[in-house]
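Student: My questions will all concern the structure given below.
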Amino acid sequence: MKGDNDLRKVKPYTGDLTPVNAANAIRAARLNAQDLFDTADLLFTLKRYCHSMVFSTLAIEEAAKFSIILQIFLSPGVDKSRLWKEYRNHKAKTAWLNPAIESRIRATFPRISREDEKRIRDLGPTPAELDISKQRALYSETYESSGEFVSHLPRLSDWPTLAWDRLCEARALMLALRDHTPGELTVWLRHAEQVKGKDVAFHSFLDTLYRDLLKGGFVEEGSWDTLLEDAKEDSKLNQESVGLK
């Protein structure tokens, strides 16, 4: 009972993050995302497709916490209530799925065209679709369809294809996750603070950040090539768009 009473005194954290705190939060999210994915994979093997799909979706939600934690960490001293709300909101986290899949496509197949990558991204599920399918896979429900009463039992619906799609998406995200040490995050924060309030092109920020991370041994040579090329191209297109206006 003592442990239960202690938990009741716990409240959600909403403040700034130190490099150590951010590193711990990122690691916890990665490990839990992997555990959830492993459960989804096991359930799929056992043909418990609806529950496999649920755990894959949960793994996707946990994986999305990495980007949100990084945003919170790189914004010290500002109101982060929106970001902390996203950190704990299911739909806000699954909104990261399709952009993350797009990034994985670019990293794995750098020669694919930007148009094709965006077309593939847009084929992915919306946060609302993910939430509805997760609820339908978990709970029985009563509906009205064409004026008729319908009793929904999750296991009677056809889940294998949807479960496989979610499992593959979750796997793609798992492969991209890694821990970030406090030392690496300190480098990120230093660069973010240097450009704060300045009119600095995003690709320039990424380029100098990459060179410092490479020097510190935090990333491998060439690992950011596609990211840097895309950022430079996007920056050029934005400048041209502004010029046309």
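Readers should treat all values here as calculations from the given coordinates under stated rules, not as data from a laboratory. Computed from a prediction, not measured in an experiment: that's the story for all the values here. We place every Cβ from the backbone using ideal geometry, glycine too, and count neighbours over all the protein chains shown.
Student: How much length is gained if the chain between Asn24 and Gln135 is pulled fully straight, taking 0.36 nm per residue apart and subtracting their Cα-Cα distance, in nm to one decimal?
Tutor: Stretched fully, the Asn24-Gln135 segment lengthens by 36.9 nm.
Student: Let me ask something else. With θ set to phi - 60° and the Karplus curve 6.51 cos²θ - 1.76 cosθ + 1.60, what are the ³J(HN,Hα) couplings of the stretch 85-100 in order, to the nearest whole Hz, using x for Gly and Pro?
Tutor: Those phi angles translate into 5, 5, 4, 10, 10, 4, 5, 5, 6, 6, 5, 7, 4, 5, x, 5 Hz.
Student: Now a separate question. In the stretch 12-178, how many lysine pairs have Cα atoms under 20 Å apart, counting only pairs 8 or more places apart or on different chains?
Tutor: Summing the qualifying lysine pairs gives 12.
Student: Same structure, new question: Quick check: the angle from helix 127-138's long axis to the longest principal axis of the chain, C-alpha only, nearest 10 degrees?
Tutor: Here the helix axis deviates by roughly 30 degrees.
Student: When a/c reaches 1.5 or more, the comparison of a/b and b/c decides; with that in mind, is the stretch 1-111 rounded, prolate or oblate per its Cα gyration tensor?
Tutor: Cα axes put the stretch 1-111 in the oblate bin.
Student: In terms of the Cα gyration tensor, with a ≥ b ≥ c the square roots of its eigenvalues, is the stretch 174-241 rounded because a/c is under 1.5, prolate because a/b exceeds b/c, or oblate?
Tutor: Cα axes put the stretch 174-241 in the oblate bin.
Student: With springs connecting C-alpha atoms under 10 Å apart, model the chain as a Gaussian network and identify which of Lys11, Lys232, Lys196 has the largest mean-square fluctuation.
Tutor: In this elastic network of the chain, the residue with the biggest mean-square fluctuation among Lys11, Lys232, Lys196 is Lys11.
Student: Among Val10, Val20, what is the fewest-to-most ranking by other Cβ atoms within 10 Å?
Tutor: Taking fewest neighbouring Cβ atoms as first place, the list is Val10, Val20.
Student: Further question: For the chain, what relative contact order do you get, as a whole percent, if you take Cα pairs closer than 8 Å and at least 6 residues apart?
Tutor: Taking the mean separation of contacting Cα pairs over the length of the chain, I get 24 percent.
Student: If you average the sequence gap of Cα pairs under 8 Å that are 6 or more apart and divide by the length of the stretch 130-245, what percent do you get for the contact order?
Tutor: 15
Student: Let me ask another. Give the angle, between 0 and 90 degrees and rounded to the nearest 10, that separates the Cα long axis of helix 202-215 from the longest principal axis of the Cα atoms of the chain.
Tutor: Between helix and principal axis, roughly 80 degrees.
Student: Let me ask something else. Measuring from centroid to centroid over Cα atoms, what is the spacing of the stretch 1-74 and the stretch 174-195 in Å?
Tutor: Using only Cα atoms to place each centre, the spacing works out to 19 Å.
Student: Can you tell me which of Gly216, Gly183, Gly147 moves the most in a GNM of the chain? Springs connect C-alpha atoms under 10 Å apart.
Tutor: Among Gly216, Gly183, Gly147, the largest mean-square fluctuation in the Gaussian network model of the chain belongs to Gly147.
Student: Can you pull out the trypsin sites (Lys or Arg not before Pro) in the stretch 153-188 whose DSSP state is coil and whose Cβ has at most 12 other Cβ atoms within 10 Å?
Tutor: Loop-located and lightly packed - Arg178.
Student: Among Asp199, Asp225, rank each residue by its count of other Cβ atoms within 10 Å, from fewest to most, as a rough exposure measure.
Tutor: Ordered from fewest to most neighbouring Cβ atoms within 10 Å, Asp199, Asp225 come out as Asp199, Asp225.
Student: When the chain is treated as a GNM, springs tying every alpha-carbon pair under 10 Å, which of Ser81, Ser133, Ser146 comes out with the largest mean-square fluctuation?
Tutor: Fluctuation is largest for Ser146.
Student: Apply the a/c threshold of 1.5 to the C-alpha gyration tensor of the stretch 55-164 and tell me whether it is rounded, prolate or oblate.
Tutor: Oblate is the answer for the stretch 55-164, as a/c is 1.5 or above yet b/c matches or exceeds a/b.
Student: Compute the helix-to-body angle for 19-45: its Cα long axis versus the longest principal axis of the chain, expressed 0 to 90° and rounded to tens.
Tutor: The angle comes out near 40 degrees.
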